[in-house]
1. Given that compact globular proteins tend to follow 2.2 N^0.38 Å, what is the ratio of the alpha-carbon Rg of the range 9-91 to that value?
2. So, counting K/R as plus one and D/E as minus one, what does the shell of residues with Cβ under 10 Å around Leu47 add up to?
3. Could you give the distance between the Cα centres of the range 31-52 and the range 53-92, to the whole Å?
4. Restrict the search to the range 41-77; then list the chymotrypsin sites (Phe, Trp or Tyr not before Pro) that DSSP places in a loop and that have at most 16 other Cβ atoms within 10 Å of their Cβ.
5. Would you calculate a helix-derived [θ] at 222 nm for the chain, using -39,500 (n - 2.57) for each DSSP H run of n ≥ 4 and dividing by the full residue count, to the nearest 500?
6. Restrict the search to the range 17-90; then list the GluC sites (Glu not before Pro) that DSSP places in a loop and that have at most 11 other Cβ atoms within 10 Å of their Cβ.
Amino acid sequence: MPLSTLIWDSFQALPSDAETASVSHFCLYSLETLELARRPGTTDFALIERQNPTAWRWAVVSSDGFLIDAGFEPTQAYAKKAVERALHLEVA
């Protein structure tokens with residue numbers, strides 16, 4: 001089964017104050033680099049953010065606010081791939 005392709009948006013592009021408040025709660029490092037994607041068919045979401053120039057944090061959060069999975073990768077692209085893998089493994 002191929003990995004899904006998520007659509008990533010910047011934190012600044014979120015449509016509502018309620019959504020920005022909900023997502024910002026999970027930000028640990030930088031709202032400026034924070035990006036998120038919704039899992040298709042659910043209200044779960046994934047996020048990535050830069051901790052420092054060589055570390056990107058990624059996380060998958062359930063609709064009820066629980067951290068499902070998280071980790072660090074050396075680049076933004078690898079962090080997005082890690083999210084894809086985590087979501088794929090959870091569905092399987």
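Taken together, the values in this text are just the output of simple stated rules run on the coordinates, not laboratory data. Since we're looking at a predicted model, the values are computed, not measured. No Cβ is skipped: glycine too gets one built from the backbone with ideal geometry, and neighbour counts run over all protein chains shown.
1. On the way: Rg = 11.8 Å, N = 83, 2.2 N^0.38 = 11.8 Å.
Ratio of Rg to 2.2 N^0.38 Å for the range 9-91: 1.00.
2. Details: positive: Arg57; negative: Glu35, Glu49.
Neighbourhood net charge equals -1.
3. 8
4. On the way: sites: Phe45, Trp56, Trp58, Phe66, Phe72; in loops: Phe66.
Of the chymotrypsin sites (Phe, Trp or Tyr not before Pro), the ones in loops of the range 41-77 whose Cβ has at most 16 other Cβ atoms within 10 Å are Phe66.
5. Working: 2 runs with 24 residues, N = 92.
Mean residue ellipticity, 222 nm, calculated: -8000 deg cm²/dmol.
6. On the way: sites: Glu19, Glu32, Glu35, Glu49, Glu84, Glu90; in loops: Glu32.
Those that pass, being in a loop and sparsely packed, are Glu32.
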